[in-house]
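This structure is in structure tokens; I'll ask about it shortly.
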Amino acid sequence: MTETTFLDKLANYIVTEKQYDFSKIVIVLPNKRAKLFLLESFKVHFENFFFAPKIISIEDFIQDISGIRSIDSVELLFEFYEVYSSLTIVENRQNFEQFSNWAKTLLQDFNEIDRYLINPDYVFSYLKDIEVLKRWDLSPADKTEIINKQLEFWDILPQYYCSFYNHLLKSKIGYQGLIYREAVNNLVHFSSEIVDKRIIFAGFNALNQAEEKIVQHLLSIDKADMLWDIDEVFLKDVHHDAGLFARRFKERWSYYTTNKFQWIVNEFSTEKNIEIIGTSKSIGQAKIVSELISNSIINSDTIDLSKVALVLGDENLLIPILHSLPENVGSLNITMGYSSKNNPVQILIAKLFKMHTHALKRNPDSYLFYYKDVLDLLANPIIESYIDSSELVNFIKRNNYTFITQNRITTFNGYSNRFFDLIFEKWDKSPIEILQKIKDLLLLIKGELDHNKEEDKLLKTFLYSIFKGINQLISYCSKNSYVDSVDLLYGLYKQIIDLSEVSFEGEPLFGLQIMGVLESRVLDFETVIITSMNEGKFPSGKTNNSFIPYDIKREIGLPTFKEKDAIYSYHFYHLLLRAKNIYLIYNTENEGLDGGEKSRFITQLEVEKREKHKLSHRIIQPFIPNIANHGMQISKTELVLQRLKEIASGKGFSPSALTTYIRNPIQFYFQRVLSIREVEEVEENIALNTLGTIIHGSLEELYKPYLNVFLSLEIIDKMIASADDEIEKQFKEVYKEGEIKKGKNLLAFEVAKRNVYNFLKEEKKAIENGDAVKIIALELSLERNLEDSRLPFPIKISGNVDRIEVRNGKLRVIDYKTGKVEAKNILLKDWLGLATDIKNDKIIQLLCYAFMFEEQSKEYEIEAGIISFKNMKAGFMPFGIKNGKETESIITSQTLEYFKNELIELILEILNPEIDFKEVN
């Protein structure tokens, strides 16, 4: 029989070489995933059905020796809090939320200490002595309450550990380290029970102290075989991390002084085609994987897809890759859990928690929802599928609700949707009742799914994962009274989600095998594709979520990042060991500390290249078409020309429409021809245009009672006295339900007041200096037809002017500007090109107003100008024509004739079918 994989070799060893009785052996593997593949290898040796041997993972094996049930980290946290509470007086006792912040880290340290059989008293006394030494030179007066509490914490750690250990032992439950320590304690008893059994440990690399002790003991009493899978290249090279643990065990275990170290193989140096591919971002990697599978593998007659492993260095790539896989991938097996953190249903629940948490913190009684939280939730694709929320969204935007009450939402237009009620009902009940609401929501979503649709099948898988998590949380809350806030409930929910994984159904032995790094242990494939081969991803970066410093870990024999890197190194090189075709894909984009830098493993392969390895390296960047650089261009069809005629003859061209065309013809096309407006949005902070509307509206209302009368100091004083109330009224009308009493909006309110007061002060000063001022019109709508033989038809010019007044015998057409304008911006030196330069937009606007009002001006001389609120000291700045050192500000009929010529040229261009609308970049 040809042995192509480690598991084939293992099956052959058990059946042919040793001829073990299957009923008397137990095969222990590093993980559960390899069991199916090993059974498949056994089938080759039997023509008919057979009773398979017991095959078990190392964790389950050690749990069987100890007789203790493993519990998850959340349940562990509750058990620890019970012990902590019993050891801490009420006055010093932290609530569960505060406790969990440090307890999670401490539990990890407990776990490591026990897995490596370290004396806990020694570790904790060591840590305490270090803390004392740090502060040895402090006098009693310098020792603050925080320092004292820290020292007390290190002092009580042994008590926490001992009490917690005994508490768990009593209940026959525990964390992994405790189970391992107890398995070692129970090893002699276990050995006496397996009189006729033989334990075969196969495919291991790194072992902790407890595992080492168990394996060595069983080897010493001849109850076990230990079958490694290490290449001689890694074993002989003292600097190669892939062989770090094998070298240690070979040198240190007394068993190997008289027994052979099995198995040392020579597979890595065989012929291999290794292609290293760099590309940008995750989507680039997904596309390359699809291309490799489609072109190099599926179209090949020699490659069996079930012998192809796609190993994801970053689990977040799973969904993009699933969407990118070619259609002719008949079947696949995803032998990895997909983290629930990226589950779309989890994202929905996280947004739900966020919305209600913010509402509770703001005011539990009025229960104010923040508009962004509401819109974010309603925009979720899952919600959009079951609720038509467009009316509510438009209502929030139209009324500018920054905060909206729960009652206002639930009573909006008589919504009586159960889905809607479950989302927005107050979370003012117990944690269990809140979780029950979430559970009901998930069941409602499930009831609406179409189980024949592929996308709904996937959503059902995601839904089930979260549903299990919520049920688990309900179980914890029903047993413990410590969960007393939504914040804490959300914290526990996140912990459960972090532990949860979405399991996919697939063909375990057929089709493309998609897996994570850990799932690849013991398995061998002919073709291997590994993604995310970047530093920080593969291998993962250095982390030290521990109270025990690095140097102390080294001193007492706990693993550090050095050992973790060695484990990753073994996993990587084992994947390559028997593979013939290898594709290593990495991200070339620098997206953070771990982005853009290829993995050290790639560099190591290049530097330590074996003779029979064919190594190639290429960078693939996405093709960006040149057309992306071209501006948009739209021709004037008959329909467009007809629409332009409708505008010209109906509503008319406004000064702002004409200047929009000069600025960007495409913008004119979208806004004026197609009537596409900007989407209405909630203004959390007052926008400049909104502020301008408020100032314009305030001045209009203040001056309105005094039209066609000469202004007096008494009138101005009345305006000043009522200005505050009028400005606030305008704010409420324009800004609607927006908050104006605090933050940036309060500042904007004060800016509006200052602008109006400054305007009225300047008005008062002018009257004191003898100006005779009479307001003729405010916010006046004007229109006039422009007729000329050059035009195909009369063109209506229309628009609103802010103010028309008679001052000292001259008629003034005034435009208010909330931005800064200077006198030089409205001075004209040359008529040529007036209507082609956007710098002249304010001149065009003023002359349009003068043109429209010309026939009503009677005997008055006309001036048209701007009052800039950010340049109030300049006062009224009239349009003027520069003639040498002189400036003429009176707008005569001749001035308007010159202007009409320029305006006609502009309109002819707009109407010309030969001139396309072109985007200006």
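The values are calculated or read from the model by the stated rules, or taken from the named source; none is laboratory data. Remember, it's a predicted structure, so these values are computed and weren't measured experimentally. For neighbour counting, all protein chains shown are included, and Cβ atoms are generated from backbone atoms with ideal geometry for every residue, glycine included.
Determine if segment 94-113 includes at least one residue that is assigned to a helix (DSSP H, G or I) and more than 36 Å from the chain's Cα centre (by Cα). It would help to see each step written out before you state the result.
At the first step, the residues of segment 94-113 found to be assigned to a helix (DSSP H, G or I) are 96-113.
Within this subset, residues satisfying the condition of being more than 36 Å from the chain's Cα centre (by Cα) are none.
Checking segment 94-113: not a single residue is assigned to a helix (DSSP H, G or I) and more than 36 Å from the chain's Cα centre (by Cα).
So, one more: Show the residue pairs meeting these rules: Cβ distance below 7 Å; 6+ apart or different chains; first residue within segment 83-104 and more than 21 Å from Ser73 (Cβ to Cβ); second residue surrounded by 10 or more Cβ atoms within 10 Å (Cβ to Cβ).
Filtered contacts from segment 83-104: Arg93/Ser85.
Still on this structure: Answer yes or no as to whether Ile396 is at pLDDT 80 or above and either more than 17 Å from the chain's Cα centre (by Cα) or among the charged types (D, E, K, R) (or both). Walk me through how you get there before you give the answer.
On the way: at pLDDT 80 or above: yes; either more than 17 Å from the chain's Cα centre (by Cα) or among the charged types (D, E, K, R) (or both): yes.
In short, yes.
Would you point out the residue of segment 866-905, among those that are under 14 Å from Lys820 (Cα atoms) and touching a Ser or Thr at 6+ places or on another chain (Cβ under 9 Å), that is surrounded by the fewest Cβ atoms within 10 Å (Cβ to Cβ)? Walk me through how you get there before you give the answer.
Within segment 866-905, the subset under 14 Å from Lys820 (Cα atoms) is 866-877.
Filter once more, so that each one left must be touching a Ser or Thr at 6+ places or on another chain (Cβ under 9 Å): 868-870, 874, 877.
Working: Ser868: 21, Phe869: 21, Lys870: 12, Ala874: 15, Met877: 23.
So, considering only residues that are under 14 Å from Lys820 (Cα atoms) and touching a Ser or Thr at 6+ places or on another chain (Cβ under 9 Å), the one surrounded by the fewest Cβ atoms within 10 Å (Cβ to Cβ) is Lys870.
Okay, moving on. Scan segment 25-58 residue by residue and report those that are under 30 Å from Gln495 (Cβ atoms) and in contact with a Pro (Cβ under 9 Å, 6 or more places away or on another chain).
Of everything in segment 25-58, those that are under 30 Å from Gln495 (Cβ atoms) and in contact with a Pro (Cβ under 9 Å, 6 or more places away or on another chain) turn out to be Arg33, Ser57, Ile58.
While we're looking at this one, here's another question. If you go through segment 524-543 one residue at a time, do you hit one that is within 30 Å of Tyr122 (Cβ to Cβ) and not small (Gly, Ala, Ser)?
There is at least one residue in segment 524-543 that is within 30 Å of Tyr122 (Cβ to Cβ) and not small (Gly, Ala, Ser).
Residue by residue, here is whether (1) in contact (Cβ under 8 Å) with a residue 24 or more places away in the chain; (2) within 24 Å of Ser722 (Cα to Cα); (3) touching a Leu at 6+ places or on another chain (Cβ under 7 Å) holds:
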{"residue": "Glu762", "(1), (2), (3)": "yes, yes, no"}
{"residue": "Asp771", "(1), (2), (3)": "yes, yes, no"}
{"residue": "Leu782", "(1), (2), (3)": "yes, no, no"}
{"residue": "Asn785", "(1), (2), (3)": "no, no, no"}
{"residue": "Arg790", "(1), (2), (3)": "yes, no, yes"}
{"residue": "Ile797", "(1), (2), (3)": "yes, no, yes"}
{"residue": "Val806", "(1), (2), (3)": "yes, no, no"}
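Go through (1) exposed (fewer than 14 other Cβ atoms within 10 Å of the Cβ); (2) touching a residue at least 12 places away in the same chain (Cβ under 8 Å); (3) in a helix (DSSP H, G or I) one by one and return the number of the condition Phe42 breaks.
All conditions are met except number (1).
Return the residue satisfying two criteria in turn: it lies in segment 81-110 and is closer than 14 Å to Leu157 by Cα and aliphatic (A, V, I, L, M), and of such residues it is surrounded by the fewest Cβ atoms within 10 Å (Cβ to Cβ).
Here the residue is Leu87.
Applying the selection to segment 864-883, what residues are at pLDDT 90 or above and part of a strand (DSSP E or B)?
The answer is Ala864, Gly865, Ile866, Ile867, Ser868, Phe876, Met877, Pro878, Gly880, Ile881.
Can you give me the number of residues within segment 829-857 that are within 24 Å of Lys885 (Cβ to Cβ) and touching a helix residue (DSSP H, G or I) at 6+ places or on another chain (Cβ under 6 Å)?
6
Of Pro364, Pro326, which residue is assigned to a loop (DSSP other than H, G, I, E, B), surrounded by fewer than 17 Cβ atoms within 10 Å (Cβ to Cβ) and in contact (Cβ under 8 Å) with a residue 60 or more places away in the chain? Steps first, answer last, please.
Values: Pro326 fails: in contact (Cβ under 8 Å) with a residue 60 or more places away in the chain.
Going through Pro364, Pro326 in turn, just one is assigned to a loop (DSSP other than H, G, I, E, B), surrounded by fewer than 17 Cβ atoms within 10 Å (Cβ to Cβ) and in contact (Cβ under 8 Å) with a residue 60 or more places away in the chain: Pro364.
Additional query: Which count do you get for residues in segment 257-304 that are assigned to a loop (DSSP other than H, G, I, E, B) and modelled with pLDDT of 90 or more?
First, the residues of segment 257-304 that are assigned to a loop (DSSP other than H, G, I, E, B): 258-263, 266-271, 280, 299-304.
After this cut, where a residue has to be modelled with pLDDT of 90 or more as well, the list is 258-263, 266-271.
Qualifying residue count for the region: 12.
Would you check if there is a residue in segment 184-193 being in contact (Cβ under 8 Å) with a residue 60 or more places away in the chain, over 23 Å from Pro120 (Cα atoms) and not small (Gly, Ala, Ser)?
Yes, the conditions are met somewhere in segment 184-193.
Of the residues Ala835, Ala772, Ala766, which single one is within 24 Å of Glu701 (Cβ to Cβ) and surrounded by 17 or more Cβ atoms within 10 Å (Cβ to Cβ)? Spell out the reasoning first.
Details: Ala835 fails: within 24 Å of Glu701 (Cβ to Cβ); Ala772 fails: surrounded by 17 or more Cβ atoms within 10 Å (Cβ to Cβ).
It is Ala766.
Condition check: loosely packed, with under 14 Cβ neighbours inside 10 Å and not in a strand (DSSP E or B). Does Lys858 satisfy that?
Considered against the rule, which asks whether it is loosely packed, with under 14 Cβ neighbours inside 10 Å and not in a strand (DSSP E or B), Lys858 comes out as yes.
Tell me yes or no: at least one residue of segment 242-256 is closer than 24 Å to Ile620 by Cα and either more than 43 Å from the chain's Cα centre (by Cα) or not in a loop (DSSP other than H, G, I, E, B) (or both).
No: zero hits.
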